[in-house]
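Student: For reference, the structure I am asking about is given below.
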Amino acid sequence: MEPRNFDGDADRPRSAGAKQTGRVLVIGPYLRVRAGGADAQSESHVQRDAEARLDEAAGLARAIDLVVADAIIAPVSQIRPATYIGKGKVEEIAGLIKTLDVELVVMDCALAPIQQRNLEKELHAKVLDRTGLILEIFGRRAKTKEGSLQVELAHLNYQRSRLVRSWTHLERQRGGFGFMGGPGETQIEADRRLIQERISKLESELKKVQATRRLHRAGRQRVPYRVVALVGYTNAGKSTLFNRLTRADVQAADMLFATLDPTLRALNLPHGGKAMLSDTVGFISNLPTQLVAAFRATLEEVLEADVILHVRDISHEDAEAQQSDVDAVLRQLGINPDDSGRIIEVWNKIDRYDAEQREELLNIAARRPEDHPAMLVSAVSGEGVDALLAAIEERLAAKRTTLDLSIDAADGAGISWLHRNAEVLSKELHDGRFDMTVRVDETKRDIVVSRFDAVPRLSA
């Protein structure tokens, strides 16, 4: 469905016919940004295309099986405190709702509680803003107990802000876990108290989750496995790449937020070493702050990762803006997106280019600074994956020490220990002894040196 600019002169949509369950009208109330103006200065340095933004919002609605009756752009010159958009556009949208026979209006922006309430009164339909829509998706996608706890916490923090005092009854307030359901309780103060009690309980349970994750990380640190984390914009192909690298069978689909719960799998490196690969939730522009806070326990896997793969859908028309959005979330987490020693940029979906376009893309990548390379891959076909694995191994090796040692061939326990706790690069038998070259983490270096009389390998 092609998005239409709704300035009032656009053609009216044709009748939608019979009513369908979950029909939705998606509105893009985007501010007109004047070049060089104050609004432009406040925006991200990479401006998003309005039609791409609207298409993404429609994709979010489809991700929870809503039927998008129409998606339109409603340019806004200034934000109205009462309804976000102007009175004229509210009336036009109300007419569209009757024509299309829709049940829900999705506003691709962050609405204040009073703006949401006023729009619902004027439009005579349920209204969901971008934050509420993303939270709804997360609520449906979370499968693990941890994911469910984090999503519910974010839901409740959002829901609490929607309990405005002027609502003497909560017929419009979404009851229960989601936001598109039936009526809630009639006493706002009682609801506030119950929500706060539930939030406190969830925060307590999530602290236990964080403690458990710390124990798991401590366990991994006792062996030479390092963590490589995948991050990127939603639908950039992280899960498909995860499956390609680890031969796993994690759900991967061409939809927004196909993967929510984090997954860890062993990653085999070219020279026999191993690492742990972590697939995380995808990022998105204007990611709700409630979700960033609630999912901090999950995103700690990214914070603790030795190498971070920033996976980009390089074929997407908004690839640069998506990169900017991911960088912003990484900064929110306290990670420097320009840390070339830790972050590898992966340009995914090169299979969508023809030979000439791919050659042009290779030339662009070749002109990048040596300390900020881009790895071109296709998670679908496997092209470029071997080079990516070599780059991962090189980054991990930079944080380890290479040692030479000689061990009696009869020392089976010692040889077994080295294979379990170090990366064995070479092993040759000479006169009843194994001459070995191993690579170890700094935490194991002193043990290997003292136990096996190992010496650091001299640089070439």
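The values are calculated or read from the model by the stated rules, or taken from the named source; none is laboratory data. None of these values were measured; they are calculated from a predicted model. Quick reminder, even Gly has a Cβ in these numbers, built from the backbone with ideal geometry, and neighbours come from all protein chains shown. The area values use the complete protein model at the heavy-atom level, side chains included, leaving out ligands, DNA and RNA. Shrake-Rupley method; radii C 1.70, N 1.55, O 1.52, S 1.80 Å.
Student: Which order do the peptides 104-115, 230-241 take when ranked by the mean count of other beta-carbon atoms within 10 Å per residue, highest first?
Tutor: Descending mean neighbour count gives 230-241, 104-115.
Student: Of all GluC sites (Glu not before Pro) in the range 366-408, which ones are in loop regions per DSSP and have a Cβ with at most 15 other Cβ atoms within 10 Å?
Tutor: GLU370, GLU383
Student: Given a Förster radius of 51 Å and the C-beta distance between HIS271 and ALA110 as r, what FRET efficiency does 1/(1 + (r/R0)^6) yield to the nearest 0.05?
Tutor: Once rounded, the FRET efficiency stands at 0.55.
Student: Leaving out ligands, DNA and RNA but keeping every protein chain, what accessible area does LEU362 have, in Å² rounded to the nearest 10, with a 1.4 Å probe?
Tutor: 80
Student: I'd like the FRET efficiency for ASN336 and ALA94, computed as 1/(1 + (r/R0)^6) with the beta carbon distance as r and R0 of 35 Å, rounded to 0.05.
Tutor: About 0.15, to the nearest 0.05.
Student: Anything over 31 Å Cα to Cα? Flag those among LYS87/LYS143; LYS145/LYS444; LYS145/LYS238; LYS126/LYS238; LYS121/LYS201, in the order listed.
Tutor: Details: LYS87/LYS143 42 Å; LYS145/LYS444 35 Å; LYS145/LYS238 22 Å; LYS126/LYS238 34 Å; LYS121/LYS201 34 Å.
As for pairs spanning more than 31 Å Cα to Cα, those are LYS87/LYS143; LYS145/LYS444; LYS126/LYS238; LYS121/LYS201.
Student: While we're looking at this one, here's another question. What is the Cα centroid distance between the range 106-158 and the range 400-418, reported in whole angstrom?
Tutor: 57
Student: If you add up the charges near ARG451, with Lys and Arg at +1 and Asp and Glu at -1, over every other residue whose beta carbon is less than 13 angstrom from its beta carbon, what do you get?
Tutor: -2
Student: Here is a further query. Which sequence of ARG352, ARG226 reflects their accessible areas, 1.4 Å probe, from the largest down?
Tutor: Output order, biggest surface exposure first: ARG352, ARG226.
Student: Still on this structure, please answer the following. Could you compute the FRET efficiency for ASP408 and ILE447, with r as their C-beta to C-beta distance and R0 at 25 Å, rounded to 0.05?
Tutor: Step by step, r from the Cβ atoms, then E = 0.90.
Student: Using 0.36 nm per residue of separation minus the Cα-Cα distance, give me the extension gain between ILE364 and ALA82 in nm, one decimal.
Tutor: 96.8 nm
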